[in-house]
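The values are calculated or read from the model by the stated rules, or taken from the named source; none is laboratory data. As the structure is a prediction and not an experimental result, all values here were calculated from the model. Here the Cβ positions follow ideal geometry from the backbone for every residue, glycine too, while neighbour counts run over all protein chains shown.
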Amino acid sequence: MVRPFSEIPGLWKNGAANLYNFWKLDGFKNLHRIMLQNFNTFGPIYREKVGYYESVNIINPEDAAILFKAEGNYPKRLKVEAWTSYRDYRNRKYGVLLKNGEDWRSNRVILNKEVISPKVLGNFVPLLEEVGQDFVARVHKKIMRTGQNKWTTDLSQELFKYALESVSSVLYGERLGLMLDYIDPEAQHFINCITVMFKTTSPMLYIPPALLRKVGAKVWRDHVEAWDGIFNQADRCIHNIYRQLRLEAGTPKKYPGVLASLLMLDKLSIEDIKASITELMAGGVDTTSITLLWTLYELARHPNLQEELRAEVAAARAESQGDMLEMLKRIPLVKGALKETLRLHPVAVSLQRYITEDIIIQNYHIPAGTLVQLGLYAMGRDPKVFPRPEQYQPSRWLRTETHYFRSLSFGFGPRQCLGRRIAEAEMQIFLIHMLENFRVEKERHVEVQSTFELILLPEKPIILTLKPL
Ligand code: HEM
Ligand code: 2DC
């Protein structure tokens, strides 16, 4: 007998009381650990209501498969009201991140061809490789300046710049110059705004932004200011390319970047293009840079593994005679390392869908229209899903063991991360260059946990030492 929806375990009866407890536990920062704890208390499925949003939470790959089969033709995630409220407030269009239904699909199909289809990778790689080389040159210079033949530092600011330079060079076909000593203060401001934007979003997952706006709350004001900074900088970059394109008649010789390609294609309105390009630019900074920081941290903790990866990269370099596109096909362990980083330190704590048909999970009936969340952080640390989950083992992604609905860091299906190809290429190229040039070390016994600021971030600075090989 299938059990009814109302019998799913969990605390879903009193949203306000749960929000109070959540707040007492400093839940805004601990969302990922609270989810893990809930699975321990209630088992592989639980219902929850915190503040105004209600969901069913699941953890098993087999259940994830059922969830994604019921996502329908227009998959819909949890609505991040802070983001839609800002757009409505400032009268700015939604891009692919916030659109839904047919409007989302028609935009996404066109964007897919320019951003995530395999054919565009060849265009992106030379641009990304240049940024990777400049990053390495910059680190060498920093090392030289210390006079100690090593550089001990918190790399996060440098990585933000690397990520923004990379994604911008792909979007605009041009360099911003962030690998130089003196950088455009506007670009630095943009980077700061993204961090603030994410941080101020998380409380507004539980407290309606409309309410916060009415009472003039600081989080809402900071959030608006952050998005204003993001949109202003993106507008400047977009306008710049738009003007250049009008001046240069005819088809360009070299790949002109995603924005110019979309403008020339002329299938989306300029306003739609601007909205999605802004989202790509904003989505392309903290996500990849933090994942790279965690990866360097893990490599510093595992020196033997680091050498193994270095050997793989050296062999790939020799076999492909330096052709980067070829090299990327010969580094399975490096790719495994990135998957392993995202397993333990996922950018997104959960994936969510409003299901479009009734489903049965763990023998409970779940009606169409319910918000179902897959706890990605919890799944990554579940010993039933990943044996010895606490161990960082890139090789677990090589073996023939099943990866069925286990590799979900970028989401799933037609609504998965649009920036995935850019992110993967950018991160692989970064690691190749770093492994070829430096040894990464850290102080022993220093362990760093995650904190939730909409995306998962290191709870304190990660201090690493880079030494030239
Ligand atoms: C959506 C993860 C980097 C742009 C998503 C989603 C996840 C994700 C989990 C939701 C997918 C779903 O619901 O199935 C990541 C991770 C990254 C990363 C782990 C890097 C380590 C990037 C980058 C960009 C980007 C570099 C931009 C260049 C987007 C956009 C969406 C999205 C625009 C919304 C797509 C849509 O709704 O159609 N990402 N992301 N992401 N990401 Fe990423
Ligand atoms: C946060 O409970 C936790 O890729 C919430 O590049 C559920 C939720 C909903 C949407 C998720 C979000 C979480 C984490 C950050 C994600 C976002 C969708 C896209 C976004 C995963 C899991 C991200 C980081 C995008 C951001 C692009 C942007 C801000 C322009």
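The lone criterion from (1) within 16 Å of ligand 2 (Cβ to nearest atom); (2) at pLDDT below 95; (3) not basic (Lys, Arg) left unmet by GLY322 is number (1). Checked against the criteria, HIS403 counts as at pLDDT below 95 and not charged (D, E, K, R).
Answer yes or no: is there a residue in segment 440-463 that is outside any loop (DSSP other than H, G, I, E, B), closer than 26 Å to LEU325 by Cα and not small (Gly, Ala, Ser). Yes: segment 440-463 contains one or more residues that are outside any loop (DSSP other than H, G, I, E, B), closer than 26 Å to LEU325 by Cα and not small (Gly, Ala, Ser).
Residues checked against (1) under 30 Å from TYR52 (Cβ atoms); (2) without any contact (Cβ under 8 Å) to a residue 60 or more places away in the chain:
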position	(1), (2)
LEU121	no, no
ASN149	no, no
GLU165	no, yes
TYR182	no, yes
ILE191	no, no
ILE207	yes, no
LEU212	yes, yes
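Among the residues making up segment 158-207, those that are crowded, with 16+ Cβ neighbours inside 10 Å and over 25 Å from ILE429 (Cβ atoms) are CYS193, VAL196, MET197, LYS199, THR200, THR201, SER202, PRO203, MET204, LEU205, TYR206, ILE207.
Of everything in segment 64-78 that's charged (D, E, K, R) and either within 11 Å of ligand 1 (Cβ to nearest atom) or crowded, with 16+ Cβ neighbours inside 10 Å (or both), which residue is farthest from the chain's Cα centre (by Cα)? By that ranking, first place goes to GLU71. None of ALA226, ALA210 is loosely packed, with under 14 Cβ neighbours inside 10 Å, in contact with a Ser or Thr (Cβ under 9 Å, 6 or more places away or on another chain) and farther than 28 Å from ASP134 by Cα except ALA210. Within segment 257-277, being surrounded by fewer than 24 Cβ atoms within 10 Å (Cβ to Cβ) and of a type in the set (S, T, N, Q) holds for SER261, SER269.
For segment 415-469, residues that are more than 15 Å from ligand 1 (Cβ to nearest atom) and aromatic (Phe, Trp, Tyr) total 1. Just so you know, in segment 115-124 the residues that are of a type outside the set (S, T, N, Q) and surrounded by fewer than 17 Cβ atoms within 10 Å (Cβ to Cβ) include one that is nearest to ligand 2 (Cβ to nearest atom), and it is LEU121.
Selection within segment 395-409: residues that are more than 20 Å from TYR297 (Cα to Cα) and touching a residue at least 60 places away in the same chain (Cβ under 8 Å). The member of this set that is farthest from ligand 1 (Cβ to nearest atom) is LEU398. Hey, does segment 210-227 have a residue that's under 21 Å from the mean Cα position of the chain (by Cα), away from ligand 2 (no atom under 14 Å from the Cβ) and of a type in the set (Asp, Glu)? No: segment 210-227 contains no residue that is under 21 Å from the mean Cα position of the chain (by Cα), away from ligand 2 (no atom under 14 Å from the Cβ) and of a type in the set (Asp, Glu). Within the option set LEU245, LEU292, being crowded, with 20+ Cβ neighbours inside 10 Å and in a helix (DSSP H, G or I) holds for one residue only, LEU292. Of all residues in segment 382-413, those that are within 16 Å of ligand 2 (Cβ to nearest atom) and touching a helix residue (DSSP H, G or I) at 6+ places or on another chain (Cβ under 7 Å) total 6. Taken over segment 338-369, the criterion of being among the hydroxyl-bearing types (Ser, Thr, Tyr), under 29 Å from MET1 (Cβ atoms) and in a strand (DSSP E or B) is satisfied by TYR354, TYR364. The sole residue among LEU127, LEU171 that is within 16 Å of ligand 2 (Cβ to nearest atom) and aliphatic (A, V, I, L, M) is LEU171. Just one residue in the set ILE34, ILE66, ILE59 is farther than 26 Å from LEU164 by Cβ, away from ligand 2 (no atom under 12 Å from the Cβ) and touching a helix residue (DSSP H, G or I) at 6+ places or on another chain (Cβ under 6 Å); that residue is ILE59. Within the bounds of segment 262-270, is there any residue that is within 16 Å of ligand 1 (Cβ to nearest atom) and under 22 Å from ARG92 (Cβ atoms)? Yes, some residue in segment 262-270 is within 16 Å of ligand 1 (Cβ to nearest atom) and under 22 Å from ARG92 (Cβ atoms).
Taking the listed residues LEU299, LEU333, LEU305, LEU280, the one that is in contact (Cβ under 8 Å) with a residue 12 or more places away in the chain, in a helix (DSSP H, G or I) and within 14 Å of ligand 1 (Cβ to nearest atom) is LEU280, with no other qualifying.
Considering only residues of segment 442-459 that are touching a Ser or Thr at 6+ places or on another chain (Cβ under 8 Å) and buried (at least 16 other Cβ atoms within 10 Å of the Cβ), which is farthest from ALA300 (Cα to Cα)? Top of the filtered list is LEU454.
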